[in-house]
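Structure first, then comments.
The values are calculated or read from the model by the stated rules, or taken from the named source; none is laboratory data. Since the model is a prediction, treat every value here as computed from it, not as a measurement. Cβ sites come from the backbone with ideal geometry, for glycine too, and all protein chains shown count toward neighbours.
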Amino acid sequence: MKALIVSLVAVLASAPLSAMAEFQPVRDEATFRALVEGRELARFGVRLEVLPQGQITGRGFGMRVGGMWEWRDGYFCRTLEFGSSGDPYNCQLVLRDGNTLRFISDQGQGDYADLRLR
């Protein structure tokens with residue numbers, strides 16, 4: 001179980017920030033909502049929905065994933081819970097390249113994860 005949680009965290013906050021030339025910032029909540037409304041965010045074994053009421057739901061590597069989100073000062077701020085573990089509140093910079101959203105933790109200063117809009 002612990003290995004599964006480590007894998008999920010690695011997917012949701014993967015590698016250090018690198019070339020973002022093709023990615024453009026999502027600057028406001030209305031744009032973000034329009035991008036995710038009625039769509040799923042997917043990567044490897046992770047499928048999530050960011051719901052308009054402020055919930056995050058889905059599955060990651062066979063586990064239920066849940067959480068809450070809000071748009072605050074230009075950042076996607078969220079908590080995540082998966083299995084018996086979780087990821088604390090973190091505000092993330094969101095970038096877009098076509099159907100890919102890049103979430104960069106710690107207000108754009110940390111690790112990132114790319115998720116495809118489906």
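See the values below:
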quantity: Looking only at segment 62-99, and only at residues there that are over 14 Å from the mean Cα position of the chain (by Cα) and not charged (D, E, K, R), the one that is nearest to Val36 (Cα to Cα); calculated: Gly98
quantity: Hits in segment 87-118 - residues which are on the phi > 0 side of the Ramachandran plot and either in contact with a helix residue (DSSP H, G or I) (Cβ under 7 Å, 6 or more places away or on another chain) or not in a loop (DSSP other than H, G, I, E, B) (or both); calculated: Asp106, Gln107, Gly108
quantity: Residue count, segment 61-83 (criterion: of a type in the set (Gly, Ala, Ser) and in a strand (DSSP E or B)); calculated: 2
quantity: Extreme residue, modelled with the lowest pLDDT, among residues of segment 33-89 that are surrounded by 15 or more Cβ atoms within 10 Å (Cβ to Cβ), among the aromatic types (Phe, Trp, Tyr) and farther than 16 Å from Asp106 by Cα; calculated: Phe82
quantity: Count - residues of segment 29-49 that are without any contact (Cβ under 8 Å) to a residue 24 or more places away in the chain and either of a type in the set (Phe, Trp, Tyr) or in contact with a helix residue (DSSP H, G or I) (Cβ under 9 Å, 6 or more places away or on another chain) (or both); calculated: 1
